[in-house]
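Chemist: Take a look at this one; I'll ask things after.
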Amino acid sequence: MSQYDVAVIGSGPGGYVAAIRCAQLGMKTAIIEKYNTLGGTCLNVGCIPSKALLDSSHHYEEAIKHFADHGIEIPGEVKINFKKMIERKGSVVEQTTKGIEFLMSKNKIDVYTGMGSFKDATHIEIKGDKTETIEAKNTIIATGSKPSTLPFITLDKERVITSTEALKLSEIPKHMVVIGGGVIGLELGQVYRRLGAEVSVIEYMDRIIPTMDSAQSKELAKAMKKQGVKFFLSHKVSNVSRNGDEVTVTATDKKDKEVTFTGDYCLVSVGRKPYTDGLGLDNAGVKVTERGQIDVNDQLQTNVSNIYAIGDVIKGAMLAHKASEEGTLVAEILAGQKPHINYNLIPGVVYTWPEVASVGKTEEQLKEAKIEYKSGQFPMRALGRSRASGDTEGFVKILSDKTTDEVLGVHMVGARCADLIAEAVTAMEFRASAEDIARMSHAHPTYAEAVKEAALAATDDRALHI
Ligand code: FAD
Ligand code: NAD
């Protein structure tokens, strides 16, 4: 029987990063993945394929709607080759997952393909083409998550679908009814709207992306409405039925009036749930919470001292970079180091266009915590760079402590905000004040100047360009 210092179950951004870090630190490491390709949800059916389709559909939209503004004329009709777009996405995924295979071999990590299941706290059975058992001193559970649904919905995966199917459709929907105005609903809703589908988003709360700052919800809704996406907020879905190629979604609005939506596809994007099926947790004695998450302490250790858990399968934001930080953390704990994660500084991004990005506390959270703060906001339309590219939607908002000026939250909507947020994370990690950011030179002309201007606005209401 093969013996390891560490076995990692699951090869998503949590698991594969944990495995690499363990190997870097000199531990004999195995990784177990039930699918034939490595990379988990993120690389196979999440972050990477969704961004590939967002990018392709963005190019199409630019070509049909905005090229002419730049004086670029396309003789004849711009056409979509949807099959090719999906194939390109597939090839992006393939290159990326192959990259993980390379990294496993480079770091001398043994890869096992098959379903991993605890026999006890130190033995894992792997059922793949053959069944074998390995022994591990320590195990890191990184089994991720699966889409959630509502009790009355039958996900037939043909017409009533999750993000996984929405990333590999064989046709562009005529009318996609999206249940849930969160990250997946908006990113994939925008893809299909750009490609010509009618898109109706039904959201239970009174705003989209309800966990982000409400100013971002408002700004993104405004931009997406302009793009033709229809929003039905404060609507509670009560039934979904399919008749042939037609799907009917029934919901009640805030006045308790029944509303029906008929489309050819219904995307169910109401969140994700931790995945531990078939893992044999009982055999190892590992406990889960009421919500099905593996219960861990602040060292990400389960109630069984040699078993740890990371990523979507535990509490916290379901984000790839959060899972990866946790993978590194556990590896370093196992090596006797004292690593640390600042969970307040895990950025959140929605890759629509305009992009939405956030770090730290929202205004709603500061109010609830009764923390006195200053707010500085700067509109993208006042930037030379935004006017040059034609991306004038959005803003950067900086919230700082009223007394100390320490930056407490940064919330932005606009072009390339997914990348701009890194400056805010860095500043906050070093506990910068708004004035610190305001005094740093930002290259001109860039979108990043909006960060400096918002910091000036928060410091002393002294933005220069509005
Ligand atoms: P996962 O990536 O889910 O990996 C878990 C792996 O474990 C899987 O490969 C699974 O097959 C394997 N596994 C499970 N059980 C077993 C077992 N018993 N034996 C062997 N293997 C097993 N996050 C971002 O930060 N940015 C984004 O842009 C983004 N976009 C997304 C888009 C979509 C459409 C979706 C669905 C998610 C997106 N996410 C994004 C979320 C991100 O994918 C997850 O947060 C991330 O993948 C979690 O990583 P993980 O390692 O915890 O688990
Ligand atoms: P989500 O939690 O982002 O959004 C779900 C939405 O559905 C919420 O707005 C919620 O209010 C709404 N909802 C819940 N029940 C409903 C009901 N009965 N009727 C109508 N609306 C309802 O979840 P998601 O969009 O499914 O994404 C799942 C996870 O994947 C998220 O946690 C997210 O972090 C991750 N993800 C991240 C990215 C990214 O980082 N860009 C992209 C995609 C997914």
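Chemist: Relative contact order of the range 113-211: what whole-number percent is it, with Cα pairs under 8 angstrom and at least 6 residues apart?
Modeler: Dividing the mean separation by the residue count of the range 113-211 yields 16 percent.
Chemist: Quick one: work out Rg over Rh on the C-alpha atoms of the range 204-320, Rh as Kirkwood radius.
Modeler: 1.11
Chemist: While we're on this one: What list of ³J(HN,Hα) couplings, whole Hz, do you get for the range 412-422 from phi and the Karplus terms 6.51, -1.76, 1.60, once you set θ to phi - 60° and write x for glycine and proline?
Modeler: The phi angles translate into 9, 9, x, 4, 6, 5, 4, 8, 4, 5, 4 Hz.
Chemist: On to the next question. On a 1.4 Å probe surface of the protein chains, which of CYS22, CYS47 comes out largest in accessible area, and what is the full order?
Modeler: CYS47, CYS22
Chemist: Taking amide H positions as placed in the peptide plane 1.01 Å from N, state which residues far from GLU198 in sequence (5 or more) or on other chains have amide H under 5 Å from it.
Modeler: Those qualifying (amide H under 5 Å, at least 5 residues apart or on another chain) are HIS175, MET176.
Chemist: Whose amide H sits under 5 Å from the amide H of VAL304, counting only residues 5 or more places off or on another chain, with H placed in the peptide plane?
Modeler: Under 5 Å from the amide H of VAL304: LYS287.
Chemist: Follow-up. Return a whole-number percent for the relative contact order of the range 134-281, with Cα pairs under 8 Å and 6 or more residues apart as the contact set.
Modeler: For the range 134-281, the relative contact order is 33 percent.
Chemist: Oh, and also: Determine the gain in length on full extension of the stretch HIS444-THR289; use 0.36 nm per residue of separation and subtract their C-alpha separation, reporting nm with one decimal.
Modeler: Gain in length upon complete extension: 50.8 nm.
Chemist: Quick one: divide the alpha-carbon radius of gyration of the range 382-436 by 2.2 N^0.38 Å and tell me what you get.
Modeler: Ratio of Cα Rg to 2.2 N^0.38 Å: 1.25.
Chemist: What Kirkwood hydrodynamic radius, in Å, does the chain give when the mean of 1/r is taken over all pairs of distinct Cα atoms and then inverted?
Modeler: Result for the chain, one decimal place: 23.9 Å.
Chemist: Can you put LEU319, LEU383 in order of accessible area, largest first, using a 1.4 Å probe?
Modeler: LEU319, LEU383
Chemist: Additional query: Using the heavy atoms of the protein chains and a 1.4 angstrom probe, tell me the accessible area per residue for the range 350-466 in square angstrom.
Modeler: Heavy-atom SASA per residue in the range 350-466 reads 46 Å².
Chemist: Another question, then. Quick check for you: with a 1.4 Å probe and neighbouring chains kept, what is the accessible area per residue of the range 205-280, in Å²?
Modeler: Normalised by residue count, the accessible surface of the range 205-280 is 51 Å².
Chemist: Please state the relative contact order of the chain as a whole percent: Cα pairs under 8 Å, 6+ residues apart?
Modeler: 15
Chemist: Still on this structure, please answer the following. How about LYS130: which aspartates and glutamates have a C-alpha closer than 15 Å to its C-alpha, ignoring those fewer than 8 places off in the same chain?
Modeler: Excluding near neighbours in sequence, the set is GLU33.
Chemist: If you don't mind, there's one more thing I want to ask. Can you compute the label reach from SER148? Point 7 Å from Cα along the Cβ direction, backbone N cut-off under 19 Å, restricted to the range 238-278.
Modeler: 238-240, 252, 267-277
Chemist: What ³J(HN,Hα) values, in whole Hz, does the Karplus curve 6.51 cos²θ - 1.76 cosθ + 1.60 give for the range 355-366 when θ = phi - 60°, with x put for Gly and Pro?
Modeler: 6, 10, 8, 8, 8, x, 7, 7, 4, 4, 5, 5
Chemist: I would also like to ask the following. Can you quote the Å³ per residue value for the convex hull of the Cα atoms in the range 276-383, rounded to an integer?
Modeler: 167
Chemist: Peptides 77-87, 295-305, 348-358: what's the order by average Cβ count within 10 Å, highest mean first?
Modeler: My ranking of the peptides, most packed first, is 348-358, 295-305, 77-87.
Chemist: Per the helix-only calculation at 222 nm, which mean residue ellipticity applies to the chain, given -39500 (n - 2.57) for every DSSP H run of n ≥ 4 and division by its residues, nearest 500 deg cm²/dmol?
Modeler: Calculated from helices alone, the mean residue ellipticity at 222 nm is -9500 deg cm²/dmol.
Chemist: Full-extension gain between ASP55 and GLU132, please, as 0.36 nm times their residue separation minus the C-alpha to C-alpha distance.
Modeler: 23.5 nm
Chemist: Something else about it: Report, to the nearest whole %, how much of the accessible area of the range 27-143 belongs to carbon and sulfur atoms, 1.4 Å probe, protein only.
Modeler: 52
Chemist: If you don't mind, there's one more thing I want to ask. Out of the total accessible area of the range 238-307 (probe 1.4 Å, heavy atoms of protein only), what percent is carbon and sulfur?
Modeler: Of all accessible area on the range 238-307, carbon and sulfur atoms account for 39 percent.
The values are calculated or read from the model by the stated rules, or taken from the named source; none is laboratory data. Keep in mind that this is a model prediction, so the values were computed, not measured. Heads up, the Cβs are rebuilt from the backbone with ideal geometry, glycines too, and the neighbour counts pull from every protein chain shown. Quick note on the areas: whole protein, heavy atoms, side chains included, nothing else; ligands and nucleic acids left out. Shrake-Rupley method; radii C 1.70, N 1.55, O 1.52, S 1.80 Å.
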